[in-house]
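Report on one structure; see the data block that follows.
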Amino acid sequence: MTIGGMENVEVFTSEGKGRGLKATKEFWAADVIFAERAYSAVVFDSLVNVVCHTCFKRQEKLHRCGQCKFAHYCDRTCQKDAWLNHKNECSAIKRHGKVPNENIRLAARVMWRVEREGGGLTEGCLVPVDDLQSHVEHFGEEALKELRGDVDTFLQYWPPQSQQFSMQYISRIFGVINCNGFTLSDQRGLQAVGVGIFPNLGLVNHDCWPNCTVIFNNGKIELRALGKISEGEELTVSYIDFLNVSEERKKQLEKQYYFDCTCEHCQKGLKDDLFLGVKDDPKPSQEVVKEMIQFSKDTLEKIDKARSEGLYHEVVKLCRECLQKQEPVLADTNLYTLWMLSTVSEVLSYLQAFEEASHYARRMVDGYMKLYHPNNAQLGMAIMRAGLTNWHAGNIEVGHSMICKAYAILLVTHGPSHPITKDLEAMRMQTEMELRMFRQNEFMYHKMREAALNNQPMQVMAEPSNEPAPALFHKKQ
C-alpha cells in the first residue's frame, strides 16, 4: 500500500537508462516527493531475534511467534499486523523444519503476495513487482551458481499446496531482489537491519550527484528532495557512496547494478582532482605519491585485521603513523587521508580519548565538506558524530556549531519527525544552553561540566564496527 504522493511523479523513458521517474510539479529542499511501504520485506538472518519482523525496530524483549518460533514482534499489535504476510511463512518453516536465508524468505514473501493479489499492478504501485529490472541475463558464473543454489533451496521450502511458479519466474524474482533490494535501517537509522522491495523506488535511476535522497522512517521509505527540482526534471538517487574517484564508482556500479554510469560527475571526472589531491607547496614527485598510496593501502589492510581482532590501540597507532607520513604528501581531501581520519576519530572516540579524536574529526569534516553534496545524508551524520566528539572533548563552540550544521542537513535528508533528527534537536538545545553559560563565565562552565561528568557517566560511543554505514541498496557482495 502506498502512502500518497504518487501524483507527484510519472514514469517516462529516460534517455540511455530505460524507465525513470520525473517530477510533475516543482519541489524544494526537504520536500517529500512520495512515501511508500514495502511490497515485501524481511529482517536479516543475523538479527532475527532482536529486530521486530513488522516495524523493523530494534528491541531488547520481543514476543516470539508461538507456532514457528522464528518470527519476533514488539507486541500483539505488530504480530497481528504481520499475520497476512507471515501466515504462509509460518507453516512453510514448520513443514521445512528449518529457516532459509533472507534472500529465499524475501522471494517467498514476494511470491505469496503475487499468489494472493496476482502479478499485475497493485494499488499505489506504478509498476508490477515482476516487471522491475532483474538483470539475470547479465549474471556472471559465480552469481549464477549462487542463484541456482537459492532456487534449489527455495523449491524445497515452497509448499506444494501454494501456486507453483516456473523456474524462469522464480529466477526472475531473485534477480529483482538482487537489483532492487533496499536496505532497511533500525529506528535511529544507524544500523542496517533488513531488506525490502519498493516497486516505485525501484524506478528511480542513479546519479552520483542526485537531486533526491531516500530515508526509511517509521515503516516506510520517503523520497526527499535535496534542492530545487523543476517540473519535468528526472528524479535521481545515488545507489552508492559518492566518496570515491569516478573510475572506481563506475566499476562498482557496473559490477553491482550492470550499467555504465554516464552522470556528469563520472563523465567529467568532477572532484577526482580532490580525491587524489596532493600537497601544493612543495609539490611531491609522482614517485613519492605512488609510494605513499601503496603505504596507505598496506596500512589499511593492517587496520582491518587489527579492528577485526578488537585491537583498537593498535588501530590508533597505525593511523597516527600513517597520517604523519601522509602529512607532507597528501592533501586533506585525498581519499587515503580521509579514510585514516575517519577511522582514527571513530576509534579514539570509542576509547574516550575525545581531545585527540576531536582534532582528527575536524580535519575529516573539512575534507568532507569540499567533496560531498551540501545536503548529503552521510555528510550530515559525519558532522553530527564530529560535533558530539568535540562536545565530549569540551570544545563547546566547535561542538555546537557542528551540531547545528548537522541538524540543518538532517532536516532536509531525514525530516523533523525522524528519531535521529529529534535526538539532534535535543543536543542542539543542550549545547546552545551550555554555550551561553560558557560565554558568561568560562571558569564556572568548566567546573559545572566537571561535576556533571563525575555524577553521570558520559554516553559512550558505540563500538567501532568493520561494517560501513548502511548502503542505500542491499547487495550481496
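Which lysines have a Cα less than 20 Å from the Cα of residue 87, not counting those fewer than 8 places away in the same chain?
The qualifying lysines are 69, 98.
Would you grab the residues whose amide H sits under 5 Å from the one on residue 330? Only those 5+ places off in sequence or on another chain, please, with H modelled 1.01 Å from N.
Amide H neighbours of residue 330, under 5 Å, 5+ apart: 279.
Could you sort 362, 307 by accessible area so the largest value comes first, with the probe set to 1.4 Å?
362, 307
So for the pair residue 255, residue 115, with labels modelled 7 Å out along Cα→Cβ, what separation do we get in nm?
3.7
From the helices alone, meaning DSSP H stretches of at least four residues, give me the mean residue ellipticity at 222 nm for the chain, per-run term -39500 (n - 2.57), in deg cm²/dmol to the nearest 500.
Per the formula, -16000 deg cm²/dmol.
Show 151, 11 ordered by accessible area, largest first, where the area counts protein heavy atoms only and the probe is 1.4 Å. Before the final figure, lay out each step's value.
Numbers: 151 5, 11 65 Å².
Greatest to least solvent exposure: 11, 151.
Report, ordered by chain and residue number, the lysines lying within cross-link reach of residue 271, taken as a straight Cα distance under 20 Å and ignoring same-chain residues fewer than 8 apart.
The reachable lysines, counting only those whose Cα sits under 20 Å from residue 271, are 250, 251, 279, 283, 290, 370.
Would you list 28, 112, 391 from the most to the least accessible area, probe 1.4 Å?
My answer, sorted largest first, is 28, 391, 112.
Using the alpha carbons of the stretch 37-104, what is the convex hull volume per residue in cubic angstrom, as a whole number?
88
Solvent-accessible area of residue 77, probe 1.4 Å, all protein chains present, reported in Å² to the nearest ten, please.
For residue 77, solvent-accessible area is about 90 Å².
If I fit a long axis through the Cα atoms of helix 354-371 and take the longest principal axis of the Cα atoms of the chain, what angle between them do I get, 0 to 90°, rounded to 10?
Long axis of 354-371 versus the principal axis of the chain: about 60 degrees.
Assuming R0 = 25 Å, can you tell me the calculated FRET efficiency for the pair residue 327 and residue 404, based on Cβ-Cβ distance, to the nearest 0.05?
On the way: r = 30 Å, r/R0 = 1.20.
The pair residue 327/residue 404 has a calculated efficiency of 0.25.
Please give the net charge around residue 430, taking every other residue with its beta carbon less than 15 angstrom from that of residue 430, where Lys and Arg add +1 and Asp and Glu add -1. Before the final figure, lay out each step's value.
Values: positive: 422, 428, 436, 449; negative: 397, 423, 425, 432, 434.
Charge balance in the 15 Å sphere: -1.
I'd like the accessible area for residue 295, computed on protein heavy atoms only with a 1.4 Å probe and all protein chains in place. Round to 10 Å², please.
60
So for the pair residue 230, residue 155, with labels modelled 7 Å out along Cα→Cβ, what separation do we get in nm?
5.4
Can you tell me the length gained on complete extension of the stretch residue 264 to residue 49, counting 0.36 nm per residue apart and subtracting the Cα distance?
73.0 nm
Can you tell me the FRET efficiency between residue 447 and residue 218 if r is taken as the Cβ-Cβ distance and R0 is 56 Å, rounded to the nearest 0.05?
Working: r = 42 Å, r/R0 = 0.75.
Taking R0 as 56 Å, the efficiency between residue 447 and residue 218 is 0.85.
According to a simple spin-label model (label point 7 Å from Cα along Cα-to-Cβ), what is the distance in nm between residue 314 and residue 164?
Distance between the two pseudo-spin positions: 5.6 nm.
The values are calculated or read from the model by the stated rules, or taken from the named source; none is laboratory data. Model, not experiment: these values are computed from the prediction. Glycine also receives a Cβ, built like all others from the backbone with ideal geometry; neighbour counts cover every protein chain displayed. Side chains included, ligands, DNA and RNA excluded: accessible areas come from the protein's heavy atoms. Shrake-Rupley method; radii C 1.70, N 1.55, O 1.52, S 1.80 Å.
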